[in-house]
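J.: Before anything else, here's the structure in question.
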Amino acid sequence: DRGIKLSSNGALQIISALSCSRIVISEVAGEDSSKLYSALAEYLGCPAYISNVSKGYEDSYLFYCQNEDGKAEPTGLSSFIENAEKNANIIHLAVFKGIKAATLSEALAPYLKYFSNPLRQCKINVKEPPVSFKLPENLWFIMELGEGEGFDSSSCSILKPAAMLKV
């Protein structure tokens, strides 16, 4: 579908990874994976927020990035989370592509409570700009490592609650 050929084993691995954990860390080789995530979201009947990660994202926990003027601006994740809260019966898939393995634990540290027990309320506080969010139970994250990045460069603290997937 849409130029994507995925073996049944590959599809089972993706579905298994998503059912095991609210956080999936993936290594994707080859083609642009945006088509894969869009098709996956359509198959699951859910919206997807897909973003290419830039250097500024890690510093503000994926909610804000720096624009050309150096000011923080929202990434779109905050409105996606609001939509997830309003539609609690629908899975919401947030995908961040190109993240560096070494900064993965820093970027995801505020979410560790959520990943270890997504059924309890988890509040995220962002320092710059000062904002807080409540993460709903129907929010899944896929963190796609950047080109040349591997699981072995990631911190053990973030790999414990995560499902790791090579596509």
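J.: So, in the chain, how many Lys pairs have Cα atoms under 15 Å apart, if the pair is 8 or more places apart or on different chains?
T.: Qualifying lysine pairs in the chain: 12.
J.: Here is a further query. Extending each Cα 7 Å along its Cβ direction at Lys166 and Glu42, get the distance between those two points in nm, one decimal.
T.: With each label point 7 Å from Cα toward Cβ, the separation is 2.9 nm.
J.: Return the Cα extents of the chain along principal axes one, two and three, sorted largest first, each rounded to a whole Å.
T.: For the chain, the Cα extents along the three principal axes come out at 45, 36, 30 Å.
J.: For Ser78, what accessible surface area do you get with a 1.4 Å probe? Give it in Å², rounded to 10.
T.: Around 20 Å² of this residue is reachable by solvent.
J.: Measuring from label point to label point, each 7 Å out along Cα→Cβ, what is the Asn83 to Asn9 span in nm?
T.: 3.5 nm
J.: Moving to a separate point now. Net charge near His92: determine it from the other residues with C-beta under 14 Å of the C-beta of His92, scoring Lys and Arg +1 and Asp and Glu -1. Intermediate values should be presented prior to the final figure.
T.: Numbers: positive: Arg22, Lys86, Lys134; negative: Glu42, Glu82, Glu85, Glu137.
Once all neighbours under 14 Å are counted, the net charge is -1.
The values are calculated or read from the model by the stated rules, or taken from the named source; none is laboratory data. Fair warning: this is a prediction, and the values are worked out from it, not measured in the lab. With ideal geometry, Cβ positions are generated from the backbone for all residues, glycine too; neighbour counts draw on all protein chains shown. For accessibility, only protein heavy atoms count, side chains too; no ligands or nucleic acids. Shrake-Rupley method; radii C 1.70, N 1.55, O 1.52, S 1.80 Å.
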